[in-house]
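Everything below concerns the one structure shown next.
The values are calculated or read from the model by the stated rules, or taken from the named source; none is laboratory data. Note that the structure is predicted; figures quoted are calculated from it, not measured. Here the Cβ positions follow ideal geometry from the backbone for every residue, glycine too, while neighbour counts run over all protein chains shown. Each accessible area value is taken on the protein alone, full model and side chains, heavy atoms only, with ligands, DNA and RNA left out. Shrake-Rupley method; radii C 1.70, N 1.55, O 1.52, S 1.80 Å.
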Amino acid sequence: MLLSSKGKHRRPSKAVRVATLAGVTGAAVAVPLMGATGASAASVETWDAVAQCESGGNWSINTGNGYYGGLQFSQSSWAAAGGTQYAARADLASKDQQIAAAEKLLDLQGPGAWACAGAGGLTNDGVDPGVDTGSSKNGDTAPQAAPERKAEQPTTRSEKRTAAEKTVTTPTGEKVEKGDGEYKVKAGDTLSKIADAKKVKGGWAKLFKLNDDIVDDADLIFPGQQLHLK
C-alpha cells in the first residue's frame with residue numbers, strides 16, 4: 001500500500017512518503033500525463049506484483065478505507081499524480097490509467113511511496129510500461145474535460161518576486177508554501193525519513209504538526225520546502 005506520513009499514500013503505522021506530490025504538499029493540480037516518461041518507470045509486470053500485494057490485484061477495489069484501486073492511492077496522492085484527469089478516484093480509472101499515475105508518483109516520491117514496493121521488486125528501472133491511457137474504464141474514448149482554471153489577478157513585478165520567494169512550484173505546476181524552517185526538503189524525502197535522520201522526537205507525526213502551516217497532507221511534501229525540526 002502506498003505509505004504516508006500521516007494517512008496514505010502510506011498508512012500511519014508504516015513508512016511515510018513525501019512527494020517531491022506534495023510525499024508533494026496538499027492536493028496538487030492535475031496535469032495531463034502523456035503516459036510513462038521513462039525517466040522513472042517500471043514494467044507492467046512489476047506494477048501487477050505491487051498491486052497483488054496492495055489489493056490482491058483488484059484494480060477496481062474500494063473498501064471504504066480511504067485508499068482506492070489496485071495500487072491503493074489515497075485521494076490526495078491520486079490528485080497530486082494527475083490521476084483526476086482520468087477519473088475522480090483511482091478505483092474508477094482503468095488499470096493503464098492507474099499505472100500511468102503511479103509512474104508519475106514513482107518519479108515524484110520513489111518506490112518508498114508503496115509499502116509493497118519490496119514485494120513487487122519496484123525500482124526506478126527506467127522500463128517504460130507502454131500503457132495506453134486513451135480510454136476510460138468503461139471503454140469511452142472521449143477526452144475528459146480539463147480542470148477549470150481560475151482567472152489570475154494581475155500582479156506587479158515586485159509582488160510576483162515576493163510570491164516566488166515564499167512558494168515552491170511542484171512537479172505538477174502547483175505552487176505551495178515554502179516555509180522558513182531549517183531543513184530543506186530534497187527529492188525522495190518523506191516525513192518519516194527526515195524525522196529518522198534528524199532524530200525528531202515524536203517522529204513524522206511531530207514533524208507534521210510542527211509544519212502544518214505549510215504541509216496540508218503528510219503524504220505530500222515537495223523539494224525546496226523548508227521544514228522546522230523543532
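Do we find that Thr63 is within 15 Å of Trp114 (Cα to Cα) and either open to solvent by 10 Å² or more (accessible area, probe 1.4 Å) or at pLDDT 95 or above (or both) in this structure?
On the way: within 15 Å of Trp114 (Cα to Cα): no; either open to solvent by 10 Å² or more (accessible area, probe 1.4 Å) or at pLDDT 95 or above (or both): yes.
Answer is no for this residue.
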- Item | Pairs, first part of a helix (DSSP H, G or I) in the stretch 206-225, second open to solvent by less than 10 Å² (accessible area, probe 1.4 Å), C-beta under 6 Å, six or more apart | Leu207/Leu191; Leu207/Ala195; Phe208/Ser5; Phe208/Leu191; Phe208/Ala218
- Item | Check on Ala119, assigned to a helix (DSSP H, G or I), in contact with a helix residue (DSSP H, G or I) (Cβ under 7 Å, 6 or more places away or on another chain) and under 20 Å from Ala187 (Cα atoms) | no
- Exclusive hit being open to solvent by 100 Å² or more (accessible area, probe 1.4 Å) and modelled with pLDDT of 70 or more, set Lys160, Lys184: Lys184
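Please work out if Ala87 is at pLDDT below 85 and either under 28 Å from Gln226 (Cβ atoms) or part of a loop (DSSP other than H, G, I, E, B) (or both).
On the way: at pLDDT below 85: no; either under 28 Å from Gln226 (Cβ atoms) or part of a loop (DSSP other than H, G, I, E, B) (or both): yes.
No; evaluated as a whole, the condition is false for this residue.
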